[in-house]
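Chemist: Have a look at this one.
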Amino acid sequence: MGATQHAASGLAQRESGAALRLRGVSKVYDQGRAPVLALDRVSLSVAPGEFVCLIGASGCGKSTLLSIAAGLDDPTGGTVETRSPSGAAKVGLVFQDPALFPWLTVAGNIRLALRAAGVPRADRPRRIAELLTMVRLDGFGDRRPHQLSGGMRQRAAIARTLAQDSDVLLMDEPFAALDAMTRDLMHDELERIWRERALSVLFVTHNVREAVRLGDRVILLSSRPGRVIEEYDVALDRPRRIDSPEVAVPAAEITDRLREEVGRHGD
C-alpha cells in the first residue's frame, strides 16, 4: 500500500507495552428520550515514544476521546490505562485554544503549572528557564499572552503542559487556528520536543496531510458513533515536509477513505 499500510497485525505487539491504552471505550450522552452514542467500543493504543494521529469527520467523537483519555470525562463503558517506566504515566492535554491566563506572564503561567505539580518553590525558576528554552521562548518569560503571536502562545501552552512532567501528550487540533507558515514551523518544533522528551503523543486533527506529516501511525474514526475503522503505518523517513510528494501520496489514500466514510453517512 505504498508508504502506508494497514496496521492491525501490529496491534498486539504495541499493546503489550503501551503508554496509553483504551479498551472498548464507549460514551453515551443522555439527552432525555434521545441518548447520543458518541463513541462505540473504541480500542487503540500508543506505544512509548510513538506519535499517533487521530482523524475523522466532524462530530465523530475525537475530542470526546481525548477528554476521556485525559481523565476529564468518564467513559460509559470500557477502560483507559496509562503506563510509564516508573508506573502510571502522567497525561497532559493541549487544546486548540492556548487558554493561557491573560493576567499572568508566560513565566507566570508555567509557574502555576509547576506549583500544581508540586515542584518546590526553589526549583521553579530553573524549571521555567529550561521549559522556555525547550519551546524557544527565551527572553519572553515576562510577556503576557496578548503580546505574543499565535504560534508563540501555543508554544507557551505546550511549555505549561510539559511543566507537569507529562509522559503522554494529548493534543486537540492545537495548530488549527494558525496560518500555514506558522503551522509548518510548529510541526518542526513539536517534532523536536517530542524527540527530546521521548513523549508518547495522541494528536487529533482534521488535516490529513498534517496527520501524515507528524504521525508514526494514523487512526481513522468512523462518523458518529466513532469507531476505529482503519489504521495506517506511516513508513516515511523524518524529517518530512507537509507539501512533499512523499506525504501527498499516503494523505490522498487516507483522504479517499475518509470521503468514503463521510459519504456513506451523508455528512
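The values are calculated or read from the model by the stated rules, or taken from the named source; none is laboratory data. Small disclaimer: the values here were computed from a predicted structure and weren't measured. In this analysis, Cβ positions are derived from the backbone assuming ideal geometry, glycine residues included, and neighbour counts consider all displayed protein chains.
Chemist: Answer with yes or no whether residue 135 is of a type in the set (A, V, I, L, M, F, W, C), closer than 19 Å to residue 20 by Cβ and touching a residue at least 40 places away in the same chain (Cβ under 8 Å).
Modeler: Answer is no for this residue.
Chemist: Hey, among the residues in segment 94-111 that are aliphatic (A, V, I, L, M) and under 27 Å from residue 65 (Cβ atoms), which one's surrounded by the most Cβ atoms within 10 Å (Cβ to Cβ)? I'd like the intermediate steps shown before the answer.
Modeler: We begin by selecting, within segment 94-111, every residue aliphatic (A, V, I, L, M); these are 94, 99-100, 104, 106-107, 110.
Retained after the next criterion (residues that are under 27 Å from residue 65 (Cβ atoms)): 94, 99-100.
On the way: 94: 25, 99: 13, 100: 22.
Checked segment 94-111; the qualifying residue surrounded by the most Cβ atoms within 10 Å (Cβ to Cβ) is 94.
Chemist: Residue check: is residue 32 buried (at least 16 other Cβ atoms within 10 Å of the Cβ), modelled with pLDDT under 90 and in the same structural domain as residue 212 (by TED's automatic domain parsing)? Walk me through it before giving the result.
Modeler: Numbers: buried (at least 16 other Cβ atoms within 10 Å of the Cβ): no; modelled with pLDDT under 90: yes; in the same structural domain as residue 212 (by TED's automatic domain parsing): yes.
Taking the combined requirement at face value, the residue does not satisfy it.
Chemist: Based on this model, can you work out whether residue 173 counts as in contact with a helix residue (DSSP H, G or I) (Cβ under 7 Å, 6 or more places away or on another chain), among the acidic types (Asp, Glu) and crowded, with 16+ Cβ neighbours inside 10 Å? It would help to see each step written out before you state the result.
Modeler: Values: in contact with a helix residue (DSSP H, G or I) (Cβ under 7 Å, 6 or more places away or on another chain): no; among the acidic types (Asp, Glu): yes; crowded, with 16+ Cβ neighbours inside 10 Å: yes.
No: the conditions fail for residue 173.
Chemist: Could you please tell me which pairs satisfy a Cβ distance under 8 Å, a separation of 6+ or placement on different chains, a first residue in segment 68-82 that is touching a residue at least 24 places away in the same chain (Cβ under 8 Å), and a second residue that is β-branched (Val, Ile, Thr) and surrounded by fewer than 17 Cβ atoms within 10 Å (Cβ to Cβ)?
Modeler: 76/28
Chemist: While we're on this one: Any residue in segment 181-197 that's over 13 Å from residue 131 (Cα atoms): show its pairings with residues that are among the polar types (S, T, N, Q) and at pLDDT 90 or above at Cβ separation under 8 Å, as long as the two are six or more apart or on different chains.
Modeler: Close Cβ pairs satisfying both conditions: 182/149; 186/154.
Chemist: Which is without any contact (Cβ under 8 Å) to a residue 24 or more places away in the chain and either within 14 Å of residue 55 (Cα to Cα) or surrounded by fewer than 18 Cβ atoms within 10 Å (Cβ to Cβ) (or both), of 239, 245?
Modeler: Working: 239 fails: without any contact (Cβ under 8 Å) to a residue 24 or more places away in the chain.
Checking each option against the conditions leaves just 245.
Chemist: Of the residues 137, 132, 220, which is part of a helix (DSSP H, G or I), buried (at least 19 other Cβ atoms within 10 Å of the Cβ) and aliphatic (A, V, I, L, M)? Before you say what the answer is, go through the steps one by one.
Modeler: Values: 137 fails: part of a helix (DSSP H, G or I); 220 fails: part of a helix (DSSP H, G or I).
Sole residue among the options that is part of a helix (DSSP H, G or I), buried (at least 19 other Cβ atoms within 10 Å of the Cβ) and aliphatic (A, V, I, L, M): 132.
Condition check ((1) within 28 Å of residue 26 (Cβ to Cβ); (2) assigned to a helix (DSSP H, G or I)) across all residues:
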site	(1), (2)
183	no, yes
188	no, yes
193	no, yes
202	yes, no
211	yes, yes
231	yes, no
249	no, yes
252	no, yes
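Chemist: Of the conditions (1) surrounded by 23 or more Cβ atoms within 10 Å (Cβ to Cβ); (2) in contact with a strand residue (DSSP E or B) (Cβ under 7 Å, 6 or more places away or on another chain), residue 213 fails just one. Which one is it?
Modeler: It fails just one condition, (2).
Chemist: Starting from residues that are of a type outside the set (Asp, Glu) and loosely packed, with under 15 Cβ neighbours inside 10 Å, keep the ones in segment 258-267 and report whichever is modelled with the highest pLDDT.
Modeler: Going through segment 258-267, the residues of a type outside the set (Asp, Glu) turn out to be 258-259, 262-266.
Adding the requirement that they be loosely packed, with under 15 Cβ neighbours inside 10 Å leaves 259, 263-266.
Numbers: 259: 88, 263: 71, 264: 70, 265: 60, 266: 57.
The qualifying residue modelled with the highest pLDDT is 259.
Chemist: Another question, then. Sort out which residues of segment 103-119 are modelled with pLDDT under 95 and either part of a loop (DSSP other than H, G, I, E, B) or touching a Pro at 6+ places or on another chain (Cβ under 8 Å) (or both), and write them in order of number.
Modeler: 117, 118, 119
Chemist: Taking residue 226 as the residue in question, decide whether it is in contact with a Cys (Cβ under 6 Å, 6 or more places away or on another chain), of a type outside the set (A, V, I, L, M, F, W, C) and either outside the structural domain of residue 144 (by TED's automatic domain parsing) or under 29 Å from residue 39 (Cα atoms) (or both). Steps first, answer last, please.
Modeler: Numbers: in contact with a Cys (Cβ under 6 Å, 6 or more places away or on another chain): yes; of a type outside the set (A, V, I, L, M, F, W, C): yes; either outside the structural domain of residue 144 (by TED's automatic domain parsing) or under 29 Å from residue 39 (Cα atoms) (or both): yes.
Against the criterion (in contact with a Cys (Cβ under 6 Å, 6 or more places away or on another chain), of a type outside the set (A, V, I, L, M, F, W, C) and either outside the structural domain of residue 144 (by TED's automatic domain parsing) or under 29 Å from residue 39 (Cα atoms) (or both)), residue 226 qualifies.
Chemist: State all residues of segment 37-62 that are outside any loop (DSSP other than H, G, I, E, B) and within 11 Å of residue 206 (Cα to Cα); if no residue qualifies, say none.
Modeler: Correct list: 53, 54, 55, 62.
Chemist: Does any residue of segment 234-245 turn out to be in contact with a Cys (Cβ under 6 Å, 6 or more places away or on another chain) and either part of a strand (DSSP E or B) or assigned by TED's automatic domain parsing to the domain that holds residue 119 (or both)?
Modeler: Checked segment 234-245: no residue is in contact with a Cys (Cβ under 6 Å, 6 or more places away or on another chain) and either part of a strand (DSSP E or B) or assigned by TED's automatic domain parsing to the domain that holds residue 119 (or both).
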